[in-house]
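Each remark here refers to the structure printed beneath this line.
Each reported figure results from applying straightforward, stated rules to the coordinates on display, with no laboratory input. Everything quoted here is computed from the prediction, not taken from an experiment. Glycine gets a Cβ as well: all are built from the backbone with ideal geometry, and neighbour counts include every protein chain shown.
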Amino acid sequence: VEFIGVSGGLPGSAVSASGFTSTMAANGVPTQFSWGDNLAWESDFRSSDAVYVDDVDMTFYTGHAGRDGWSTSPTQGDGFVSAGEARLGDRDLEWLGIAACGPLQGIQTGDLSRWLSTFDGLHQLLGYATVTYDNTIEGPRLASYLHGSTGGIFGIGARPPYKVWQAWAQMAIDAQGPSEVWGSMGVTGPGWTADVNEFFWGRGPTGPDIRAAQRTGWWWIWGTA
């Protein structure tokens, strides 16, 4: 987890990030790092990604973003991870969720080529294409939908795990208004292999790592909250 919270005028972000880690932990998935505000460094996504963002299966970020990237602490680097700067998945990362305004702007028409160099084994980049609003529920809801629910002792309200993009979509529907656009993108490989219908590890089938040299195109899914 990485987040820009009170330092960026987003009091809900730290709560949302904590909710993500606690809900993942309740489902048997430990947290390797949780860096917020002045500890959320640009290098975690770039020069040091092999020991942070790219050394885990999933990274959840919440804070400020725009069409071409997302904010990190201004105390280190230039305080922004730009499209094309991060190259992810060559070590481990499968899923990167950016719960912030607009990194997937243009998804309605597939205008996403600026993000292609980010994919070097990364399965999905999840985000929004519009302005979004600070809240406390995105993190825990996403984690809950990834894992599903047994419904308690009597099984009331039991729910199977959602596919990764479906978990992101339902989280966005819960947390944002009807005009906000959510989305997920990924790349295709030989034989038009794609990771679009995969689940989080252990919850269903998961697709392969598609390396940068194997890319043949890209796919995208979007909808409104």
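Remarks
- Dipole moment magnitude, nearest 20 debye, the chain about Cα centre, only Lys, Arg, Asp, Glu C-beta charged: 540 debye
- The mean sequence distance of close C-alpha pairs (under 8 Å, at least 6 residues apart), as a share of the length of the chain, puts its relative contact order at 18 percent.
- Highest to lowest packing among 103-116, 174-187, scored as the average C-beta count within 10 Å: 174-187, 103-116
- Fraction of beta bridges assigned by DSSP in region 32-164 that are antiparallel (%, nearest 5): 40 percent
- Theoretical FRET efficiency, 1/(1+(r/R0)^6), r = Cβ-Cβ of Ala212 and Gln108, R0 30 Å, to 0.05: 0.70
- Once the Cα-Cα distance is subtracted from the 0.36 nm per residue extended length, the Ile153 to Leu116 segment shows a gain of 8.8 nm.
- The DSSP beta bridges internal to the chain are antiparallel in roughly 60% of cases.
- Note on Ile173 and Arg91: with the Förster distance fixed at 30 Å, the Cβ-Cβ geometry gives a FRET efficiency of about 0.40.
- Cα gyration tensor shape of region 110-201, rounded if a/c is under 1.5, else prolate or oblate by comparing a/b with b/c: oblate
- When Kirkwood radius over Cα pairs in Å is computed from the coordinates, the matching label among (1) 17.2; (2) 20.3; (3) 18.5 is (1).
- Computed lengthening from Ser43 to Trp219, 0.36 nm per intervening residue step minus Cα-Cα distance: 60.6 nm
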